[in-house]
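Just so you know, all these numbers are worked out from the coordinates, no wet-lab data involved. Remember, predicted model here, so these are calculated numbers, not experimental data. Positions of Cβ are generated from backbone atoms using ideal geometry, with glycine treated the same way; all protein chains shown enter the neighbour counts.
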Amino acid sequence: MRKITIAIDGYSSTGKSTVAKQLADYLGYVYVDSGAMYRAVTLFAMQNDIISKNHFNTKKLIESLDSINLKFKKEAVWNKAHIFLNEKDVEHEIRSLKVSEFVSPIASIREVRVKLVAQQQQMGLEKGVVMDGRDIGTVVFPKAELKIFMNASAKERAQRRYKELLERGEKIDYNDVLKNIQERDHIDTTRKDSPLLKAEDAIKIDNSEMNLEDQFHTVLQLAKDRIAGRI
Ligand code: CDP
């Protein structure tokens, strides 16, 4: 059966990674969480005195890019690949609200995007990949056979993310999560380089009122049609 490329873009906490992962598992494709890469670069910046509440040293970050090594590795006991930053597993650390607070400014830097996009394109060379992010259908894989653009109401998204963070054991306030989602939506959609926008040929899915199963079956049917060459 022919392999295709599936690009899933959308706003923060729309469940992109859940559906992307389900789809990849079902089809035997590789799943790539491109957001994890931006988050890992952000963690590097936080650990190396490049970004904090009071300062952001863009020049130092750009100069440090060659010393940032990112790799996805998978072990049988994990349900998805973990991201490694300079050989250290940072999969858990990058999901904190602290990292979320700095990630969008970091992801607005052109040099950061150039580096990560090149690596993402490399991972998709052989097709059979499901990648989620903000610019996958527009910049990384503009020729992807299937493009999905996901959205849900900001309140619904904040509720989902709040629950995830509580389950991680973070002590957080719902309003901080909502604020972070709204701020990231704003930065991600208005940045100069590769802003979050729906590719013309992407299919829009609003999952505010959809359960995970319905969402998966909707997207799976679209994928099956593309693989069979029906659409
Ligand atoms: O899971 P969540 O929706 O919170 O976001 P993510 O996929 O982990 O991405 C974190 C941030 O990385 C986003 O808010 C964007 O600023 C940035 N990002 C990006 O610019 N381009 C991508 N392809 C993926 C993420």
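Each of residue 166 and residue 53 was given a label point 7 Å from its Cα along the Cα-to-Cβ line. The distance between the two points is 2.5 nm. Distance distribution P(r), segment 102-231, all Cα-Cα pairs, bin width 5 angstrom from 0: 2, 9, 15, 18, 20, 17, 13, 5, 1, 0 percent.
Rounded to the nearest 20, the Cβ-based charge dipole of segment 5-215 about its Cα centre (Lys and Arg +1, Asp and Glu -1) stands at 400 debye.
Working from label points 7 Å from Cα in the Cα-to-Cβ sense, the residue 221 to residue 118 distance is 4.2 nm.
Note on residue 155: lysines with a C-alpha under 29 Å away, same-chain residues under 8 apart excluded, are 16, 21, 53, 80, 98, 147, 163, 171, 179, 192, 198, 204.
With the convex hull constructed from alpha-carbon coordinates only, the chain shows a mean projected area of 12.5 nm² over all directions.
Sorting the segments 105-115, 85-95, 49-59 by their mean number of nearby beta carbons within 10 angstrom, highest to lowest, gives 105-115, 85-95, 49-59.
Taking each DSSP H run with n ≥ 4 as -39500 (n - 2.57) and averaging over every residue of the chain yields -14500 deg cm²/dmol at 222 nm.
I'd like to compare 183-191, 70-78: which one has the highest average count of other Cβ atoms within 10 Å, and what's the full order after that?
Numbers: 183-191: 15.7, 70-78: 11.3.
Put in order of decreasing packing, that is 183-191, 70-78.
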